[in-house]
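The values are calculated or read from the model by the stated rules, or taken from the named source; none is laboratory data. The structure presented is a predicted model; accordingly, all values stated were derived computationally and were not measured. Cβ sites come from the backbone with ideal geometry, for glycine too, and all protein chains shown count toward neighbours. We work out accessible area using only protein heavy atoms, side chains counted, and drop any ligands, DNA or RNA first. Shrake-Rupley method; radii C 1.70, N 1.55, O 1.52, S 1.80 Å.
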Amino acid sequence: MTTLERTFRLLDALGLFIVTRFPFIELFLLLMSTGERAEKAPGLKITSFKDTLKQEYILVYLNAAIFFVCGTGMTLDFKRRKCGFAALLHAIVYTAVTLYQTERYSEFLIVRMAFRTAAVCAGYLFVAGGLTDGKKGHATVTQALQLARQILAFYLFCNAYMVWASDEDRLAHIKNIPGGQIMIIIVIALYVIPGLCIYGGFEAGYFARIVAWQLVIITALVDFNTRYWFRSSSHVEFWHQIQHASRNLSVIGSLLLLARIRHW
């Protein structure tokens, strides 16, 4: 086995690790954001065990339980496909409720959050479609895998549009990544060209790896810069921005999994 093949296998294993364990990350961030909110709201502050049984926390417990069950099932390969599909449905409902409760964020930020959740769901579709099965003898669901691939492509198109049309997104890239307007053109091109190839299934694996590296850089320099986003016009709170940025980690894992099959 050559060094390149070993690298590809390592990246594939990394993608599997990220996607199947991502519900645990969501669970941790849910608990941290709930704790921060409880500290700021006098009515939600916890001083005893009895305070943890308030009605306001029931939905938190329910979401936490679903995250834990789905993450455990996918990690241990126990009913992995069903857990992947359950995680997909839960991600949609969880984000819809979060966006419904959010009133002060900008329209572009809300759209970005919705599309990023859809990209996370693409990773769960890979799991539900059987791409990550550890047990042999089960056929993959090609329609689910193709849909997941196309969702990832649309997510790349959405990112390109946001950088082009949203002053907030464009300014965030310019301030946090060197290169100015030339860098913006390069970023958009590296979203659109791989997106077209991934959508059409033309060497999707190679282009998925290219755009995965781009997302690593943008996520590290732009999305995880919580101080910038808190001071921006959106005023995104720390744990909310961490949660939003971490979902790109799941997208990166999905792109690495996409490289497992190069022609769909």
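When the Cα positions of Gly179, Asn225, Phe67 are compared along the charge dipole of the chain, Phe67 comes out farthest toward the positive end, with charges on each C-beta of Lys, Arg, Asp and Glu. Helices of the chain meeting both criteria, an alpha-carbon length of 27 angstrom or more along the long axis and an average Kyte-Doolittle score not below 0.0, with helices taken as full DSSP H segments, are 3-40, 80-101, 107-128, 142-165, 180-200, 238-258.
Scan the chain and hand back the longest stretch that contains none of the trypsin sites (Lys or Arg not before Pro) lying in DSSP loops with at most 15 other Cβ atoms within 10 Å. Formally, the longest exposed-site-free interval is 137-261. Computed over the alpha-carbon pairs of region 161-230, the distance histogram in 10 Å steps reads 19, 49, 26, 5 percent, short to long. Counting lysine pairs in the chain whose alpha carbons fall under 30 angstrom apart, excluding pairs fewer than 8 residues apart on the same chain, gives 7. The residues of region 145-251 expose, per residue, 45 Å² of accessible area to a 1.4 Å probe. The mean sequence distance of close C-alpha pairs (under 8 Å, at least 6 residues apart), as a share of the length of region 126-194, puts its relative contact order at 25 percent.
In this structure Met113 has an accessible area near 30 Å², from a 1.4 Å probe over the protein heavy atoms. Projecting the Cα atoms of Gln214, Leu256, His240 onto the charge dipole of the chain, computed from C-beta unit charges around the Cα centre, puts Leu256 farthest toward the positive end.
Rolling a 1.4 angstrom probe over region 139-257 with all protein chains present gives an accessible area of which 70% lies on carbon and sulfur atoms.
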